[in-house]
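Colleague: Here it is: the structure, laid out below.
What follows draws every value from the coordinates through simple rules; no lab data is involved. In this text the structure is predicted, and so the values were computed from the model without any measurement. Every residue, glycine among them, receives a Cβ derived from its backbone with ideal geometry; neighbour counts consider all protein chains shown.
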Amino acid sequence: MSRRGSDTVTEARRVPTDPPPPSLASSVARELGEGRLERGPPNGRPQKVLRMDVTGAAPNLLERLLVGSYITGQDQVLITARGGLTTTQRKEVHRVVDRTLGMTVVGDTPDAVEVQNFIDPGKYALPRLIHRVVRMLSTELAVCHAALVEKGPPQFEVFDTIEEEIDRLYLLMVRQLLLSSDSPRIARNIDVESHHYQIGDRLVAKVLEVTGDLIHDIGTDLEGNLPGLRRLPRPVGRLLVARIDRLQHLLTDTMDAFGHLSAVDANTTLNVIDEVLPMGIRLGQLITRRTADRKVVGAAQRIACHLNICLEMLIIVNEVTINRCVEPETVALTGSRVAMDTH
């Protein structure tokens, strides 16, 4: 390990050596919308404070540590460096803060940057957050479909907005799940009381976040190559549109099975995905054989590949659903029998 990398030191404590400003001590905040926060009354809970000396930190390490501090439940982060933070390090801090729900810079001096995480980790039920993410993914797929079949002007501007929101919700979900493992109150508030479920829920949250990245990339390829993609030979164009539609339906079916905890529905969806996945190979072959424009071929191939990876992501969610159906805490509610009905 290089000396520069080893210079980074982090230290977490329940209370800071020097007390925080009175306006921040044990404070909470309520959301006003659009990332704006209003401080609320003290809640009496000791602040979890993280002090980071980032002298000589490798590129992007500060940004990743700051994300980690958020999801692991640190309330306050004080970032310092010998000789002061560099311009690049300050940009890393503000980049994280700008994309993270409930994270705010409350102090910025030549010597240090102070970050506060105001959001209540138990405020949102996890199923509600998952539902919001799934709706946004479905919206993106609908925009992809409409762009290819020329239904009005393409609404590509939604992709960046949705991508940023999915990232915020993903970090919030992980923060809540990690904190719920140590707090029965938080677990009850987010509707994930069993610690057996928390690991699966975190996996599902990651799958949805990765799926969002993949669909965002599909949107980028569509936007940059739309005229050529619209001129694809009809059989190829139809298959590409059908592939997008099929993913949208399977996403809905997958998350319905997960929400209803239905092994039967999850198994049915897995069987359909098993049939659909090999068709991606046929689509790739058609794109190569029937299209002369190499740039369009590249874009179409990437779209087809990303669609296949999205389907593989859905396999993971359906497997989590089936595994959860045979968890001891699940079958205990059904007389040690695996429920075979659809709801």
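Colleague: For Val210 and Val326, what does the FRET efficiency come to when R0 = 25 Å and r is the distance between their Cβ atoms, rounded to the nearest 0.05?
Modeller: Given R0 = 25 Å and the Cβ-Cβ separation, E is 0.45.
Colleague: From the backbone phi of region 66-83, what are the Karplus-calculated ³J(HN,Hα) couplings (6.51 cos²θ - 1.76 cosθ + 1.60, θ = phi - 60°) in whole Hz, Gly and Pro given as x?
Modeller: Ordered by residue, 3J(HN,Hα) equals 5, 4, x, 5, 5, 6, 8, x, 5, 7, 9, 10, 10, 10, 9, 7, 5, x Hz.
Colleague: Moving on. Could you give each residue of region 142-158 its phi-based ³J(HN,Hα) in whole Hz, using Karplus coefficients 6.51, -1.76, 1.60 with θ = phi - 60°, and x for Gly or Pro?
Modeller: So the Karplus estimates, Gly and Pro as x, are 5, 5, 4, 4, 4, 5, 6, 9, 6, 8, x, x, x, 9, 5, 5, 6 Hz.
Colleague: Please list the non-local residues whose amide H lies under 5 Å from the amide H of Thr55, H modeled 1.01 Å from N, same-chain partners needing a gap of 5 or more.
Modeller: Hits under the 5 Å cutoff: Val9, Arg82.
Colleague: For a quick check of your reading of the filter: which trypsin sites (Lys or Arg not before Pro) in region 87-129 sit in a DSSP loop and have no more than 15 other Cβ atoms within 10 Å?
Modeller: In loop regions of region 87-129 (DSSP not H, G, I, E or B), the sparsely surrounded trypsin sites (Lys or Arg not before Pro) are Lys123.
Colleague: Which of the peptides 170-177, 315-322, 77-84, 282-289 is most tightly packed, and how do the rest follow, judged by the mean count of other Cβ atoms within 10 Å per residue?
Modeller: Most protected by this proxy first, the peptides run 170-177, 315-322, 77-84, 282-289.
Colleague: Can you give me the long-range amide H partners of Ala112? Hydrogens built in the peptide plane at 1.01 Å from N, cutoff under 5 Å, separation of 5 or more residues or another chain.
Modeller: The list, which skips near neighbours in sequence, is empty: none.
Colleague: Please compute, over every Cα-Cα pair in region 190-343, the percentage with a separation greater than 23 angstrom.
Modeller: Working: 5220 of 11781 pairs.
The share of Cα pairs beyond 23 Å in region 190-343 comes to 44 percent.
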